[in-house]
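Shown next, in C-alpha cells, is the structure this report addresses.
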C-alpha cells in the first residue's frame, strides 16, 4: 500500500507542478490533430497503392482509379482548408501533413499554400525542409518556370522517372543538401 500511496502522491504533485512550470516558461503542450493525421495517412496510402500496382504506367489507363484518386485528394484538400480556417492545426507536424495534402492539389495556388504550410512547420521546429523545397519546385513548374531544387519528376512511357527542368543558377548543391534534397552533381 505504501508504494501505491507514493505513486499517487507523485502523480498528484506532477499534475500540480508540471502545468505550472509549462505556463511560467511560456511552453505549451501541443497535441497533433488526429483528423489531419488520418487524412495524411489516406493521402499517402493511395500513392503507395500506385507503387504496389506496378507504377504509373500500370494505373494511368485505369479511369476508375484516377477518378477516385482525384476525388479523394480534392476532399482531403477541402477538409484541410476548413481545419486551417478553424485554427485546428497547432503543431509543426500538423502543418507538415497539411503541406503534403496541399502539394497534392491541382492548382498553382494549392502548391504555394503547401509551401507556406511547410515553412510554418519548419518555424514550429518540425523538420519539413524537403517538403518546403518540393512545394516551391512544384509551384514554379505549375507557373511555367523551371524548378530550382530538382525535386520534381515525371514518368515517361517506360515508367522511368525523368527530372523536370531545373534552373541551375539559383540554388547550389550545398544549399540543396541543407533542405534534404540530393545534390544534382551526385546524380549525374
Per-region count, the stretch 130-164, residues under 19 Å from residue 107 (Cα atoms) and at pLDDT below 95: 2
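This table checks each residue for (1) more than 15 Å from the chain's Cα centre (by Cα); (2) crowded, with 19+ Cβ neighbours inside 10 Å.
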| site | (1), (2) |
| --- | --- |
| 109 | yes, no |
| 123 | no, no |
| 130 | no, no |
| 148 | yes, yes |
| 154 | yes, no |
| 164 | yes, no |
Meets criteria (touching a residue at least 60 places away in the same chain (Cβ under 8 Å) and touching a strand residue (DSSP E or B) at 6+ places or on another chain (Cβ under 9 Å)) for residue 91: no
The listed residue being out of contact with any strand residue (DSSP E or B) (no Cβ under 8 Å at 6 or more places or on another chain) and more than 20 Å from residue 47 (Cα to Cα), out of 77, 83, 184, 141: 83
Residues (surrounded by 13 or more Cβ atoms within 10 Å (Cβ to Cβ) and either at pLDDT below 95 or on the phi > 0 side of the Ramachandran plot (or both)) located in the stretch 54-73: 55, 56, 57, 58, 59, 60
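Only one of these is touching a strand residue (DSSP E or B) at 6+ places or on another chain (Cβ under 6 Å) and under 26 Å from residue 55 (Cα atoms): 110, 161. Name it.
On the way: 110 fails: touching a strand residue (DSSP E or B) at 6+ places or on another chain (Cβ under 6 Å).
Residue meeting the stated conditions: 161.
The values are calculated or read from the model by the stated rules, or taken from the named source; none is laboratory data. None of the values given here were measured: they were computed from a predicted structure. When we count neighbours, we look across all protein chains shown, and the Cβ atoms used for this are built from the backbone with ideal geometry, even at glycine.
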